[in-house]
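First comes the structure, then the notes that go with it.
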Amino acid sequence: MTDAPVNIAVLRAMREQDQRIACLTAYDASFGAVMDAAGVDVVLVGDSLGMVIQGRSTTTAVTVDDIVYHSRCVAPSLSRAFLVADMPFLSFGTRSRALDAAQRLMQEGGAAMVKLEGGREQAKIVEFLAARGVPVCAHLGLQPQLIHKMGRFRVQGREDAAAEAMRRDARILEDAGADMLLLECVPAALGASITKAAGVPVIGIGAGAEVDGQILVLHDILGISAQARSGRPPRFVRNFMQDQPDIASALGAYVAAVRDGSYPASEHCF
Ligand code: KIV
């Protein structure tokens, strides 16, 4: 790991050199600073904040203002990590809304990239943003913003046809200009095949070990979101606080485990 600030070129080089990329969500300056010091490469201000910060049961009520506020809290605390901000539900429904949201996340929030959920149906938006200099991460697989359409969260791409459609979506989004892909809750074999075919870094959350990097929600690795939601953590979550004396050590253990490939283990994969 170098101390130089992480940018898209660094992330591409890490992929090419087979160095795993360690990513986490953050929502405030204190955690941002600890993550940066622990060597986290990419920090995401995710719309998961609707659940872990605001206490809601889904992410759909999160607004652009919310993401801008939390990005502004995190951005000054990072001296090395690359900051990505989520485009909330319906904030990219039209080109002009998408451009307004991306402008606010980057100019007011300080993000270096925006992330949006969706497959090929978002290709035109991705192309429009990319052509205007907005780095985009395309989020495929489980899309939590679609919860009210799906009814429940479940692993995506298990059937051959669905897996093939996701492989095609990844290609289409990359061709449209996406600089990074994120795969959520897909079988490990599908994560591996999309990563092999991709030309940009692929980050996984519940997408197996053979992707370029891993991301988890901060509160999940500290073992506190399940308590708050009084539920069981998803299969892909590992509680890194369990064997560590403090939060800085837990975040360091997460980075080390992503880098040496010990996380995710087979019990975290689908
Ligand atoms: O909102 C979020 O935190 C995310 C991650 C779970 C990838 O999208």
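How big is the convex hull of the Cα atoms of the range 228-270, per residue, in Å³?
Expressed per residue, the convex hull around the Cα atoms of the range 228-270 is 84 Å³.
Between ALA165 and GLU16, residue separation times 0.36 nm minus the direct Cα-Cα distance comes to 51.1 nm. Cα convex hull, the range 8-268: 114 Å³ per residue, rounded to a whole number. Return, ordered by residue number, the residues of the range 183-210 whose backbone nitrogen is under 16 Å from a label point located 7 Å along Cα→Cβ of ASP175. The answer is 197-200, whose backbone nitrogens lie closer than 16 Å to the label point.
With 0.36 nm allotted per residue and the present C-alpha distance subtracted, the THR60-ALA256 stretch has 67.3 nm of extension available.
Distance between the 7 Å Cα→Cβ label points at ARG154 and SER266: 2.5 nm. Once you reduce the range 45-120 and the range 191-270 to the center of their Cα atoms, the two points are 21 Å from each other.
Anisotropy class assigned to the range 17-76 is prolate, per the alpha carbon gyration tensor with a/c at or over the 1.5 cut-off and a/b larger than b/c. Helix-only arithmetic for the chain: the sum of -39500 (n - 2.57) across DSSP H runs with n ≥ 4, divided by the residue total, places the mean residue ellipticity at 222 nm at -11000 deg cm²/dmol. How much net charge surrounds GLY204 when only other residues with a Cβ under 11 Å from its Cβ are counted (Lys, Arg +1; Asp, Glu -1)? Value of the local net charge: -2. For the peptides 254-265, 114-125, the ranking by mean Cβ contacts within 10 Å, running from highest to lowest, is 114-125, 254-265.
We did not get these values from a lab; they are worked out from the coordinates using the rules stated. It should be emphasised that the depicted structure is a prediction, and the values quoted were computed from it without experimental measurement. Here Cβ is always computed from backbone atoms with ideal geometry, including for glycine, and neighbour counts include all displayed protein chains.
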